[in-house]
Amino acid sequence: MERFHVTKAKDLRGKACELKFEGERIVTEFSSTDKVTVIDAGGSTLIPGLVDLHTHLREPGREDAETVLTGSLAAVAGGFTAISAMPNTAPVADTAGVVEQVFRLGQSHGLCDVFPIGAVTEGQAGTTLAEIAAMHASEARVRIFSDDGHCVADPLVMRRALEYVKNFDGVIAQHAQDPRLTNGAQMNEGLVSSVIGLKGWPAVAEESIIARDVLLAEHVNSRVHICHVSTAGSVEIIRWAKARGIRVTAEVTPHHLLLTDELARGFNPIYKVNPPLRTEKDVVALREGVADGTIDIIATDHAPHPAESKECEWSAASFGMTGLETALSVSYQALVATKTTSFEKLISLMSSNPAAIGKYEGHGSLKAGSYANFALVDLDAEWTVEPTAMRSKSKNTPFANYVLPVKVNQTYFKGNRVFSGGVK
Ligand SMILES: [Zn+2]
C-alpha cells in the first residue's frame, strides 16, 4: 500500500499542519515507514474534500449540456470530492436502473463520488410515488429524494413521501415553488420586475410551501431538506421550525448569497435562475441565516445549459447557472470577506454538514479513517473567472470576469490526485 505524507500545509485556522494517508484512507500514524511519498503543500491550506448536495449532471439525456464526466471534472476543479446528481434527467432518475447507471458512471470515471438523488414521483410528475424503496436498496443506496426542478406540490403526495423515507432515515429535498403562484414567472416579484416589465415570482410562492412542509415533517416526524432557500421570509420560517424541534435542514446557493435582482435590469439571461435572484434585504437575511445556523449547508445548484439556451431573449432562456468551479470562491467572498462567518465554518457548510445530511460515510472530514479526500487551496490568491477555461461543458456562469478570492491548487480523491491547477 502506498503511503503519503502531506507536509508544509496550513489548517483551517492558519496553523501549520500535516496529513498522512495510506491507500484511500487517512491515518494517524503509518503502519510502516516503507514507501512514504512526501507531498509538499508549499504553505497551502488543507481542506476536506467539499461535498455538494445539489448538482445537475444532465446525463442521461442532455449530454450536450453536461455529462457525469465533465461535471466530475468541474467538481474536482472546485475542490469537491462528492456531488449529488439531481434526477431531472431524460429519462428521469426514478428507478433503480437509472440511479445505478449514474452511480456506476461516477465510479468508472473515478474523479469523485457521484451520489444519485432519486425522484420523489414517477417522471417527476407529482402524482405517484416513484420506486423509492428500490432506489434505496440499489447499488446507489439512494437516501435523498427530490423532484428538483419541480415542486412536490400536492400535500398528500408530500406527506406520503415523508412517511415512506422514514423506513431508512431518508430525506425529502423539496424545491419549494408553488406552481400556481409562479405560472410564467421570470424573476423576483418586486420593484425591478415592475420597472422592467418581467412577470414576477413572489417570495410567498417559496415561503408558503416551506411553511406547509415543515408542518408536514413535524406531523409525521420525518426529515425534510429545503433546497436553495432564497428569501428572508423562508429563513424566518425555518428558524421557527428548528426552534420547535422540527427535523428540517436547509441549503443556500453561493449565487443567492452574493447577487440580487438588480442584475436583471440589463435583460441578460445569464442571471435567470430558479429560484430567482432576490433583493439585498434577502441576501442579508440569508447570510444571517447561515451565521446563526438556520441554514445548514451551501449547495451549488450547478445547472449547466448549452449556449443556445442562454443566448436568447430573457423569457425564452433556460433557468440556471453553473457553480461547481466558483462555489468556494463566491461563498468566501459572500461570507468570509464580509466577516459573516469564519473560514472554518464556511468549510463545514460545504463539507461535514452536507456529508451528514446525505450520510456520506467517510466524506467531509480529515479525521483518521475518513477517505483521503482533500484539497490544497491558496487563500491569498485571486483569479479571474474565464468561462472558456471552465471544465464544465457549459459556460453559463454569472461570474464571468469577476476577480474572486481563493484558488484550488490540487484536489485528492481517495488518495489519488484528481486535479492539479498548479502548485505555488
Ligand atoms: Zn431546484
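Every number here is computed from the coordinates shown, using simple stated rules; none is lab data. This is a predicted model, so every value here is computed, not measured. Glycine gets a Cβ as well: all are built from the backbone with ideal geometry, and neighbour counts include every protein chain shown.
Going by C-beta contacts inside 10 Å, put C227, C151 in order with the fewest on the left.
Ordered by Cβ neighbours within 10 Å, fewest first: C151, C227.
Between the amide H of T300 and those of L53, H54, distances stay under 5 Å, these residues lying 5 or more places away or on another chain, with hydrogens modeled in the peptide plane.
Think of each Lys and Arg Cβ as +1 and each Asp and Glu Cβ as -1; about the Cα centre, that makes the dipole of the range 108-177 roughly 160 debye.
Tell me, V98, V403 in order of fewest to most beta-carbon neighbours within 10 Å? Don't skip to the answer; put the middle values down first.
On the way: V98 23, V403 11.
With the sparsest Cβ surroundings first, the list reads V403, V98.
Rg/Rh for the range 290-424 (Cα atoms only, Rh after Kirkwood) is 0.98. Here the range 9-109 carries DSSP beta bridges of which approximately 50% are antiparallel, counting only pairs with both residues inside.
For a distance above 41 Å, tell me the whole-number percent of Cα pairs in the chain that qualify.
Values: 9435 of 89676 pairs.
Percent of Cα pairs beyond 41 Å in the chain: 11.
The order of V195, V157, going from fewest to most other C-beta atoms within 10 Å of their C-beta, is V195, V157. Rounded to the nearest 20 debye, the dipole magnitude of the chain is 760 debye, with +1 charges on Lys and Arg beta carbons, -1 on Asp and Glu beta carbons, and the Cα centre as origin. When the helices of the chain are scored as -39500 (n - 2.57) per DSSP H run of n ≥ 4 and the total is divided over every residue, the value at 222 nm lands at -7500 deg cm²/dmol.
Among DSSP beta bridges whose residues both lie in the chain, state the antiparallel percentage, nearest 5. Before the final figure, lay out the partial values.
On the way: 27 of 56 bridges.
The answer is about 50 percent antiparallel.
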